[in-house]
Amino acid sequence: MLDNLEQIRELDKGGMFDLIYKFPDHCIEAINITKESISGLRFNNIMNVVITGMGGSAIGGDLVRMLTTERAQIPVIVNRDYKLPAFVDEKTLVIASSYSGNTEETLTAYDYAKTKKAKIIVITTGGKLKEKATQDEVPVITIPGGLPPRAALGFSLFPILVLFKEQGIGFGKKSDIETAVNLLKQVREKYCPQVPEKDNPAKALAGKLHGKLPLIYGTSNLTDIIAVRWKGQMNENAKHPAFYNAFPELNHNEIMGFEGDRKLLKTFEIIILRSPNESDRIKKRIDITTDILKEEVSGITEIWPEGESALEQMLYHIMFGDYVSAYLAILNNKDPKEIDFIDELKERMKD
């Protein structure tokens, strides 16, 4: 079924496969837009950074926070709420990210940041958030509109990444960005629909997950946020329930759930997002956990990334997972772009 390109085109009414393929192009465009937007901009005396946003607009912040955990000299947190942490003040850099520019939680957080006299920069396509920022003379990185937020990851991730590098907040070598985008161009050719299932691991994994309940496991500060991305893409693209957790935390609680109903456990398909940067103790934990669970669940798949840098490896995992979720949508006979339940919820929240 996944080698039937006509059937994929018929179900993929919103063009999600094309958007996944264009991910590297979005990254390049975002880099250029950001460099132009923040040219000459300098934030001084920054003691902490708060990235505030929701859904697809917040995941870029999560990924940057994950990548900077061992490099940034100041705290970086991601805020998904109407309110901001109490510590926010004039020494805080608040990055307000809303793809639509009309996300009510982000708009409220922006207003709060103003009352706390925080330094603010906005990432958006327009909407009320850009109106507010323009009126307040707050810097705006204006990104292209017309995309589902989850398919606009390049535009939510790379502006923050470039901003961090330019402000010296801590992110490794600037050349990492160009190398990582070049890797993405290679990856998209390996997993696109034109590559048959026998040569396409993304299609093969989607087939393995079809009719199963995916449990996506990452490693804290290495692949945990990527596991969140995988989970969300399976929910939104594939209309498929999925759950995530991370080592080592899952070894202290979730592992006990596998002493449960054996019939239920056979519906679980575990995916472990690996990293070459795992410590020896984490590797041992994963090996032992896999050995304990392999007979209890439907199957366990380990995904190792390509690339040398942490950014390359992260982007590989993301693009691979995006393709898996889109292929799973086809197997579920769903349009990967459609999000009717979310649209209904937003509409009913207006009342």
Just to be sure before I move on: is ILE292 touching a strand residue (DSSP E or B) at 6+ places or on another chain (Cβ under 8 Å) and part of a helix (DSSP H, G or I) in the structure I sent? no
In the stretch 302-351, what count of residues is obtained for those that are buried (at least 16 other Cβ atoms within 10 Å of the Cβ) and touching a helix residue (DSSP H, G or I) at 6+ places or on another chain (Cβ under 8 Å)? 30
What is the residue count in the stretch 268-291 for residues that are over 17 Å from TRP230 (Cα atoms) and surrounded by 13 or more Cβ atoms within 10 Å (Cβ to Cβ)? 8
From the list ASP12, ASP62, pick out the single residue that is touching a residue at least 12 places away in the same chain (Cβ under 8 Å), farther than 27 Å from THR108 by Cα and either open to solvent by 60 Å² or more (accessible area, probe 1.4 Å) or of a type in the set (D, E, K, R) (or both). ASP12
Residue under evaluation GLU249, criteria (1) surrounded by 16 or more Cβ atoms within 10 Å (Cβ to Cβ); (2) under 21 Å from the mean Cα position of the chain (by Cα), criterion not met: (1)
Could you tell me how many of the residues in the stretch 14-60 are in a loop (DSSP other than H, G, I, E, B) and either more than 26 Å from ASN237 (Cβ to Cβ) or modelled with pLDDT of 95 or more (or both)? 13
Of the residues in the stretch 308-341, those that are at pLDDT 95 or above and more than 17 Å from the chain's Cα centre (by Cα) number 9
Quick check: is even one residue across the stretch 186-206 open to solvent by 30 Å² or more (accessible area, probe 1.4 Å) and closer than 25 Å to ASN45 by Cβ? no
Does the stretch 26-41 hold any residues that are touching a residue at least 60 places away in the same chain (Cβ under 8 Å) and within 25 Å of PHE320 (Cα to Cα), and which are they? HIS26, CYS27, ILE28, GLU29, ALA30, ILE31
For the stretch 250-270, indicate whether the set of residues that are modelled with pLDDT of 95 or more, aromatic (Phe, Trp, Tyr) and touching an Asp or Glu at 6+ places or on another chain (Cβ under 7 Å) is non-empty. yes
VAL50 passes all but one of (1) touching a Leu at 6+ places or on another chain (Cβ under 7 Å); (2) surrounded by fewer than 18 Cβ atoms within 10 Å (Cβ to Cβ); which number fails? (2)
Single residue of the stretch 1-27 satisfying the filter (out of contact with any helix residue (DSSP H, G or I) (no Cβ under 6 Å at 6 or more places or on another chain) and aliphatic (A, V, I, L, M)) that is nearest to GLN186 (Cα to Cα): LEU5
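The values are calculated or read from the model by the stated rules, or taken from the named source; none is laboratory data. Source: prediction; values computed, not measured. Quick reminder, even Gly has a Cβ in these numbers, built from the backbone with ideal geometry, and neighbours come from all protein chains shown. Protein only, heavy atoms only, side chains kept; ligands, DNA and RNA dropped before computing areas. Shrake-Rupley method; radii C 1.70, N 1.55, O 1.52, S 1.80 Å.
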